[in-house]
Each structure stands twice: as C-alpha cells, then as structure tokens.
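These notes concern the structure reproduced below.
The values are calculated or read from the model by the stated rules, or taken from the named source; none is laboratory data. It should be emphasised that the depicted structure is a prediction, and the values quoted were computed from it without experimental measurement. Every residue, glycine among them, receives a Cβ derived from its backbone with ideal geometry; neighbour counts consider all protein chains shown. Side chains included, ligands, DNA and RNA excluded: accessible areas come from the protein's heavy atoms. Shrake-Rupley method; radii C 1.70, N 1.55, O 1.52, S 1.80 Å.
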Amino acid sequence: MSEKQLMRGSQVIAEAAIRAGCRFYAGYPITPQNEMTEYMANAMAELSDGTFIQAESEIAAINMVLGASTAGVRSMTSSSSPGLSLKQEGISFLAASELPAVIVNTMRGGPGLGNIAPSQGDYFQATRGGGHGDYRSIVLAPASGQEQADLTRKAFEYADKYRTPVLILVDGMMGQMMEPVIFPDPIDALDLPPKPWILDGAKGRPSRIIKSLILNTREMEDHNWKLARKYENIAREITTAESYLTEDANMVVIAYGTAARIAKGAIKRVREMGLKVGLFRPITLYPFPSKELLEMSRVVKHFLVFEMNTGQMIEDVRLSLEGRSTIHFYGRPGGIISTPDEISKEISSIYYRQHLEEE
Amino acid sequence: MKQIFQRPKYLKDAVFHYCPGCGHSIIHRLVAEVIEELDIAEKTIGVPPAGCAVLAYDYFDLDMCEAPHGRGAAVATGVKRALPDRIVFSYQGDGDIAAIGTAETIHAANRGENITIIFVNNSCYGMTGGQMAPTTILGQNSSTTPGGRDSLRDGTPIDLSEMLAITKGSVYIERTSVNSPKNIRKTKKAIKKAFKIQMAGLGFSLIEVLSPCPTNWKLSPVDACKWIDETIVKTYPMKVIKDEAGNID
C-alpha cells in the first residue's frame, strides 16, 4: 500500500492504471479529462516498457489499444463523451474479438458537443454496448478518489479475466475533485499470468488469428451465445452495489457516481429530520445489481432514482423491480450539479406526500 | 525429379477465394516468399483489412490480427509499439487505406512507425461490387459513377503514396504492379526491401501494388493486365516514390 496522497480523480485513475501493469496508453485531447492523458504521457516516459501515443483521433487511439491488446499488453484509452461515440467501432471489435482493454469515459453534458460540465448522459451508451452488434461491456462507476484507484485495478483484472472491454464511467466532478487516496501496490507487468492467446509471432507453435468476422451464420450464432454466456458469468461473479442506511429505510434513493455522493449528503440531512431513507448505489452499472434491488423491494415500496440526466438508469431500475415498488425520478441534465439541499427537499417532498412518516 | 515450384512455406494449404485474374493471390505469394526468405515468420504479425483480402488470415500461416475497416495502420502501430522487436505489416486495399483509413495511414507514416504496409490498388471497391474508390481513375466506370468518374462530380483520383512520401517519417515508398512477370519480380524486390527496412529499424515503408480486378473492370484477365499498362499507369506511374534507405543489403 502507498502513503496517503491527495490527488485529482483523473490522475488517480492514471496512476492506478500504471500500478495495475498498464503499459500501453493511446489517447486524444478532450476536456474534461486531459489530466489523465498528460499523467499517462509522463508516467509512461518514466517506464522502460511503457508506451504512450498521442493519437491523431479517438478512432486511432482505440484501434492502437486493440493492436497492443492482441500483443498481450495491458492497454488503456480514455476520453470524454463525444470521444466515446467515436471509439464505439473499436469497442465493438474488442468485444467481438474477445480482447481485454480498459476505457475511461469522463462524461460531460451532451448530446452533441454539449458542454464540459459533469453529466451522466452516457449511461445508455455505456451499459447497452454502445457500438454495433450483440455485446456488452463491463461498466464500473466509482464514487470517490479511493474507489477510482480500487476499481481501476479491478477494471484491468476483469478485462484480462473475461477478455472483454471494461469501461470506467466517471464525470468531470469525479475527475477534478481532489481526495486522499491510498494506492494498491504496483504490479510488475511481468508477474501477470501469461495469456495463451496473444499474437507475438508463431514461434514454436501454430499461427493464431484474432478476428471478429464469422461469415458462417451457425458459427456466428454460437459466438453470440458464447458472449451472452460470458456476460451471465460476469453478472454472477462481479455485480457490486453499496447499500447505505437501507436496513430500516422505507424509501431508498438509487444513484451512482457523483450523483450518489450528492445523494449521500442529502440522506444524512433527512435522517437528522427523522426520515428513514437510505441509498442504494450500483458500483457495477453493467452488470446491474438487479437481484439486490428486487430483494430490497420486498420491504421498500418507494425508490427515488436520482441521475444527472433525463432518466437512463431508471430503465434498469424498472426492469429490476418488475413493478413491485413505486419509482420516482429526479434528474438534472446538462451539467447541472445538484446540491444535497436540493435533493433532500425532493426526498422529503416525496416522503411526506406518500405519508411514509406514518409507517 | 527436381521440384522447381511449390507453395510458399507460410501460405496455408487453402484454396484462394479470389476471382480469376485477381492480383491478391500473387501478392499474397510474394509476401509469403519474402517472409520465408528473410526467415522472419516466427516474429511476424500481419494485419489484414476489411475488403477483398479480409480473409488473408485464412491464407497466411502467420499470426494475424483483423483490423476494423481502414484502421490497419493504427492496429499495426499498437502491435509494433507493444512488441518493438517483432515485424508487423498491414495488408490493405485502396478503399480501406485511401478513403476510410486515410488519417490512420498518414499519421502512422508521419510518426515514422516502423511498420510495412502492402497497399493493393485495384482502383475500385472490389468486395462490395465495384463502387468508386478514391483511386478510381477519371472516366473509369464503376457502379456508383454512371458515365465514368467525372472530376466535377466525383473528385479526382487521390495520390496517397505521393502524399505519404511528403511526410518526414516515411522512408521507402514504391509503386509497382503484378500485371506481368517482370513487374511481379519488381514487386517482390520492393516488398523485400520494405521488410528489410523495418528489420533495420529505419521506419515507415509502403509498397503500392497496382492490381488487376477483371471482375469489376469487366475485362478478361489478360485485358485487365493490359489496361494497367495502357491506362492506369498514366494516373499512377510505377516508380520509386521515395527512398531514403538506399541500398540496405
């Protein structure tokens, strides 16, 4: 473990990636995440086995990552919303070819060029695959500096273990906020388990092919089902969520990332007023913690989904709860950052309207 | 009996799917022969394109990594930077490299990436049915240029190799053809030199091969070969476009 350090979120993810054995990074300048790219440029320059490339485009960056990944190197790229739209081609190919990679999206207001303020507008894009074809990416949503460090390590582990792209979904707030962080010890890239599928020249073994073209429809169907089964395994093995003050709660706020941090502050306030409100925070957005929510709906009849968008995760909440509880929504899109006070007013307004204080 | 002709060691025992008279099969053979002669197969990674040669990995007995359409140079860059002591080549058609992949190609050349590109120019999109490519010559018929390519409507053929030669990072660029035994020999020599340049760590090399496409040109294989000499070379002359390596033997 490292000493406690005060660091900006973007740099935390970069440092954690280096410590996770990431030795290839390609990226393209875009606000609000340039600190991550700059940190990687400097960190890779310090390493004898590290590569940093400032790519000519987001598309080139993700395809360079694809190339480095086929060679077996832990590889990463990062961008912000408009850049992620461009990377989708590569992410689809990574998923199809079963190649590991870590992709960080520091979300900003959109659609289009939008703005550079913190947003959660890319939930659909991240959790529904994003690119073309029948695939998903693992999506991790840290809500603190420490969690950015820890989940970045996990992102590389999951990417290698399941041979699939992993997205880390943050926003400008998470990226810019400075918090104390203790990093896990660095991994020596040479100590990582060997990957028996990489392309490094067919020396003393048959030649290998990494590809996504499967013209035979039966074989393509088999491949699609293989990926689907993989996603089922992933759901069984890595689904994570945090429950905060939910044990006695008769109303639970569901939020992730920055929104969850704000909601936590709001819940502390309404708890002081005696309202029995908790927080459910999905940490993996894909796989979504549906079972945990369904279980909670046996006692909790009112959920408030709070997102920094017009309502995206709420669809996963609806699918999870299967109509068993009432779902309320509060959203602030466009880069607006709600205050805990604003959210606590929303919570108490629903709470009293539903007469939950009488329960 | 002495065997004087056989399948190159690094081509699999597979039947090419290419059309009769297509240049790809010859170019595949030349690349495989060069790799055998340079004894680099065990450290070579190839990057085939989307296009007619998308199935190149079914023919080359080498480690092969598919690239999305046009991204060959970016994928090859990733592989080469991750494994700098390996030999990395991409194999791309004119639609792949000179239209959708222009940016990746120019910037790989400009960075002086130590990779080799085999650029097969048949002046059309072959696999999708003969649409206009950026390399389609003026007046040439294609399925999307009724009456032939018209510069006012369709723009003019792009000189990608000449553009790449302008970049400071490119070392060796030559345009050849496989339309005659003589040109096939020249093409092999050029491909060999390009790989040697990479082995010497000198930087970016690209061989543009003018390749007959009888199917989409609607010519017999023999006439397609003639058409390269009579017509295509007026737009795309066969020549060494850039050579900063000199004699590297």
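In summary, strands (runs of 3 or more DSSP E) completely within segment A:277-359 and bearing 2 or more residues that are aromatic (F, W, Y) occur at A:302-307, A:326-331. Residues in segment B:1-31 that are closer than 25 Å to B:P84 by Cα and more than 12 Å from chain A (Cβ to nearest Cβ): B:H28, B:L30, B:V31.
Answer with yes or no whether B:T135 is in contact with a Pro (Cβ under 9 Å, 6 or more places away or on another chain), of a type in the set (S, T, Y) and open to solvent by 20 Å² or more (accessible area, probe 1.4 Å). No; evaluated as a whole, the condition is false for this residue.
In this structure, A:S137 qualifies as touching a strand residue (DSSP E or B) at 6+ places or on another chain (Cβ under 7 Å) and closer than 22 Å to A:C22 by Cβ. Out of the residues in segment B:94-116 that are hydrophobic (A, V, I, L, M, F, W, C) and touching a Phe, Trp or Tyr at 6+ places or on another chain (Cβ under 7 Å), which is farthest from the other protein chains (Cβ to nearest Cβ)? Checked segment B:94-116; the qualifying residue farthest from the other protein chains (Cβ to nearest Cβ) is B:I97. Determine whether segment A:244-258 contains at least one residue that is part of a helix (DSSP H, G or I), within 30 Å of A:F93 (Cβ to Cβ), out of contact with any Asp or Glu (no Cβ under 7 Å at 6 or more places or on another chain) and not hydrophobic (A, V, I, L, M, F, W, C). No, segment A:244-258 contains no residue that is part of a helix (DSSP H, G or I), within 30 Å of A:F93 (Cβ to Cβ), out of contact with any Asp or Glu (no Cβ under 7 Å at 6 or more places or on another chain) and not hydrophobic (A, V, I, L, M, F, W, C). Counting only strands (runs of 3 or more DSSP E) wholly contained in segment A:42-109, the ones carrying 3 or more residues that are within 29 Å of A:W225 (Cβ to Cβ) and more than 13 Å from chain B (Cβ to nearest Cβ) occupy A:101-107.
Within segment B:203-230, if we keep just the residues that are open to solvent by 40 Å² or more (accessible area, probe 1.4 Å) and polar (S, T, N, Q), the residue that is nearest to the chain's Cα centre (by Cα) turns out to be B:T215. On the given criteria, is A:G72 in the same structural domain as A:G21 (by TED's automatic domain parsing), at positive phi and open to solvent by 10 Å² or more (accessible area, probe 1.4 Å)? When the stated conditions are applied, A:G72 passes them.
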